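Take a look at the structure set out below.
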Amino acid sequence: MNNLAKLWLLLALLMSVSFGHAIEMLDYLTDADGKYAGPSVEDNIAKMDTDHNGFADVAEVRAFLELKHGAGYQKSLLDRWEVAANTTSCGTSFAKELIE
């Protein structure tokens, strides 16, 4: 079997496995009528908002994610978010053009 055929076979196998997991996740997150039964974004933000100010800041998001997934979860990403949140101006690329 040549390399191209092996690559296609591997790709087909990976896609079928991913599709199977997607179906399982969809079954888990929906009720008998096919409607979403998981927590809403609003529910998750309410769980994160420990100071009850109506908004989940970076520290609260980090604490929630680390409680759910373990200490150090997505550390580099959350470190960058905290640094950006603690700066005096918006960290987005387009905002730099507006303030300079």
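For the reader, a short list of remarks on this structure follows.
- Ordered from largest to smallest accessible area (heavy atoms of protein chains, 1.4 Å probe), the residues F64, F55 come out as F55, F64.
- Whole-percent carbon and sulfur share, accessible surface of the range 13-84, 1.4 Å: 63
- For the range 45-50, 3J(HN,Hα) per residue [Karplus equation, 6.51 cos²θ - 1.76 cosθ + 1.60, θ = phi - 60°, Hz, x = Gly/Pro]: 5, 4, 5, 6, 6, 6
- Put simply, the amide H of T30, placed in the peptide plane, has neighbours under 5 Å in A37, leaving out anything fewer than 5 places away on its chain.
The values are calculated or read from the model by the stated rules, or taken from the named source; none is laboratory data. Source: prediction; values computed, not measured. With ligands, DNA and RNA removed, areas are computed over all heavy atoms of the protein, side chains included. Shrake-Rupley method; radii C 1.70, N 1.55, O 1.52, S 1.80 Å.
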